[in-house]
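Report on the structure given below.
The values are calculated or read from the model by the stated rules, or taken from the named source; none is laboratory data. Only a predicted model underlies this, so the values are computations on that prediction, with no experimental measurement involved. We place every Cβ from the backbone using ideal geometry, glycine too, and count neighbours over all the protein chains shown. These area figures cover heavy atoms from the full protein model, side chains too; ligands, DNA and RNA do not enter into them. Shrake-Rupley method; radii C 1.70, N 1.55, O 1.52, S 1.80 Å.
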Amino acid sequence: ESGNAVSTLELNGFVTQNVSVNGTISNSINFSLDNSLGAVLQTELVIPANLLLSSGKLVTGNDRLLVMKDDAVWAGASVNSFVEGPMKKIGAEAFVFPVGVGGIYSPLGISGGGNSTDEFTAEYKRGNPQSLYGSNCENPLNHVSFVEYYLLERNTGSIMRTVTLSITEYSFSTDLENIRIAWFDQPNS
């Protein structure tokens, strides 16, 4: 990075790429994924500025998170390019997590508020939440989905945020009049 130019670290190619970052990316560096076969994080990747998703999935894991720092933004996410696995956002600003799994892009948004050190981790899951959390629900809910769910965890911070979920042509939930958003209230242990 030099002068007024913004440098870009771009992943492109014709095979799935493995990404292992042992140092720190700082300043206004763009991180760009433009590889239709995607990339797999081998270590945590902290993005200080811009994540550009053009083509391919960025596969993460609990031990190899994608972390977007305060004021970091993304562009270009779509059914062809998103984060598959958990990702963390640090900051007070409103944010949409560009998450999905397989061929399903299913972003999750949170409203702004709080502090620049607040942290949230989000992931979209295509699976049966009942196998993990049970099928009990309270009125007026009829049942718990058995095909898809989100994990959203507030890691730090205390300000309540509004959550926005996506329903797309890939969702099994299509009866918009009868869809309700609920959360699993884990008892204190």
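Name the residues in region 110-134 that are over 9 Å from the mean Cα position of the chain (by Cα) and in a strand (DSSP E or B), would you? Step through it out loud before you land on a result.
Restricting attention to region 110-134, the residues satisfying the condition of being over 9 Å from the mean Cα position of the chain (by Cα) are 110-120, 125-134.
Once the filter is applied, which keeps residues that are over 9 Å from the mean Cα position of the chain (by Cα) and in a strand (DSSP E or B), region 110-134 yields Ile110, Glu119, Phe120, Lys125.
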Exercise. Say we look at region 72-96 and pick out the residues that are aromatic (Phe, Trp, Tyr) and under 21 Å from Asn35 (Cβ atoms); which of these is least open to solvent (accessible area, probe 1.4 Å)?
Worked result: Phe82
Exercise. Would region 119-129 turn up any residue that is farther than 20 Å from Thr60 by Cβ and either open to solvent by 70 Å² or more (accessible area, probe 1.4 Å) or in contact with a Gly (Cβ under 7 Å, 6 or more places away or on another chain) (or both)?
Worked result: no
Exercise. So, in region 16-49, of the ones that are in contact with a Leu (Cβ under 6 Å, 6 or more places away or on another chain) and farther than 17 Å from Ile90 by Cβ, which residue ends up modelled with the lowest pLDDT?
Worked result: Asn30
Exercise. Across region 47-71, what is the total count of residues that are touching a Ser or Thr at 6+ places or on another chain (Cβ under 8 Å), open to solvent by 50 Å² or more (accessible area, probe 1.4 Å) and farther than 22 Å from Asn115 by Cβ?
Worked result: 4
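Residue-by-condition table, conditions (1) at pLDDT below 95; (2) within 21 Å of Ser28 (Cα to Cα); (3) not charged (D, E, K, R):
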| site | (1), (2), (3) |
| --- | --- |
| Glu93 | no, yes, no |
| Gly103 | yes, no, yes |
| Ser116 | no, yes, yes |
| Pro129 | yes, no, yes |
Seminar exercise, completed: If you go through Ser158, Ser145, the only one that is in contact with a helix residue (DSSP H, G or I) (Cβ under 9 Å, 6 or more places away or on another chain), farther than 26 Å from Ala39 by Cα and surrounded by fewer than 17 Cβ atoms within 10 Å (Cβ to Cβ) is Ser145
